[in-house]
1. Quick one: compute the contact order of the chain, relative version, from alpha carbon pairs under 8 angstrom and 6+ residues apart, as a percent.
2. May I ask you to derive the FRET efficiency for LYS307 and LEU158 from their Cβ-Cβ distance with R0 = 30 Å, giving the value to the nearest 0.05?
3. Test of the criteria: in region 1-96, which trypsin sites (Lys or Arg not before Pro) are in a DSSP loop and have at most 12 other Cβ atoms within 10 angstrom of their Cβ?
4. Report the percentage of all Cα-Cα pairs in region 47-146 whose separation exceeds 20 Å, rounded to a whole percent.
5. By the scheme Lys and Arg +1, Asp and Glu -1, what is the net charge of all other residues having a beta-carbon under 13 Å from that of HIS85?
6. At q = 0.06, 0.13, 0.14 Å⁻¹, what base-10 log of I(q)/I(0) does the Debye formula yield for the chain when every alpha carbon is treated as an equal point scatterer in vacuo?
7. Using 0.36 nm per residue of separation minus the Cα-Cα distance, give me the extension gain between ALA289 and HIS50 in nm, one decimal.
8. Could you give the dipole magnitude of the chain about its Cα centre, charging the beta-carbon of Lys and Arg +1 and that of Asp and Glu -1, in debye to the nearest 20?
Amino acid sequence: MKLITFTKKGIYCPQGKFYIDPWRPVEMAVITHGHADHARWGMKKYLCHHFTKPILYQRIGPDIECQSVEYGEVITINGVKLSLHPAGHIIGSAQIKLEYKGYVTVISGDYKVQDDGLSTPFELVKCNEFVTESTFGLPIYNWLEVPDLNKKLQNWVLKNKENNKTSVFIGYSLGKAQRIMKAVEDLGKIYVHYSIGKLNEAFETVGIELPDYTIADFRERPKEMEHEIVIVPPALLDSNIIKKIPDPATAICSGWMQVRGARRWRSADAGFAMSDHADWKGLLQTVKATEAELVHVTHGQTEVFSKYLNETGIKADVVETLYGEDEEESEKEISQNPES
């Protein structure tokens, strides 16, 4: 039995007549989470988790038709039982479970097995067929425990204060920026770029508390950020905006920082391997624990990861999708406020 097919528009459930994270306009789109490579403009109807709904309104538009459900809530669409289960990736991120005549398919979207203290922790869902990402599907990627990583960020901020430097963190507006805020709260006043502030509002509307922050005014009042904490999106690295900040020390927060020579290192002063994706061990543990008879590897280190799965006795194939585009390339809101 096949519950999903991979089409030019995206992952399609023929029986249910809906798509999961389609990249072209369709009638009905089930959305795993709010990042721009998975939640796109142009769908007639959207279905997502309650926490993702305000993010879609913020990023796509307030006039979209969007239904939201709770984790574990089962709805039936054309005979297919559909439910959303925590993916641990970012706020509201969900694995999509489909069940029809006893056959279960799970589309994981992006996921992380670590509990970051903000996202609803990952929930394993056993299935017959599993769709997995493999963004960091190489053995070199092994994340520190969250408290240990947070301690590194905190020590860096304290060192910068001793050296009369302003701590400037570079992290995605949705997910990463909020984790950084939680990691360094109480170490100084936190300033965030406009795009991060708008998405912080989406967190707050669903009752998730964030540390106090101020929207940074890079044009009129950069001096007030001196020796404090500033968080900006990746597109602003090396920009004139950062150059306006007094005595900046910059740090990139990304899983790619596990490899110092990664191109994303660029001219930053420091890098921290903070990721909202599963590392090598997390990917392997998850795939094995689902007990899936067939695994589709959709984006990232697809060839390496699928080959390893097959060599260990797990039937896997590679499926080409449009997921995994750099968020720094999709932060379109920045261009609308280039000096804010």
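1. Details: 757 pairs, mean separation 57.3, N = 340.
Computed over the chain, the figure is 17 percent.
2. On the way: r = 44 Å, r/R0 = 1.46.
Step by step, r from the Cβ atoms, then E = 0.10.
3. Sites meeting the loop and neighbour criteria: LYS2, LYS8, LYS44.
4. So the pairs more than 20 Å apart make up 45 percent of the total in region 47-146.
5. On the way: positive: LYS81, LYS97, LYS126; negative: GLU70, GLU73, GLU99, GLU123.
Once all neighbours under 13 Å are counted, the net charge is -1.
6. Summing over Cα pairs of the chain leads to -0.21, -0.96, -1.10.
7. Details: separation 239, 0.36 × 239 = 86.04 nm, distance 2.71 nm.
Fully extending the segment from ALA289 to HIS50 adds 83.3 nm.
8. On the way: 39 positive and 47 negative charges, 111 e Å.
Dipole size: approximately 540 debye.
The values are calculated or read from the model by the stated rules, or taken from the named source; none is laboratory data. In this text, all values refer to a predicted model and were calculated from it rather than measured experimentally. All Cβ positions, even for glycine, are placed from backbone atoms using ideal geometry, and neighbour counts span all protein chains on display. Just so you know, the surface numbers come from the protein's heavy atoms only, side chains and all, with ligands and any DNA or RNA stripped out. Shrake-Rupley method; radii C 1.70, N 1.55, O 1.52, S 1.80 Å.
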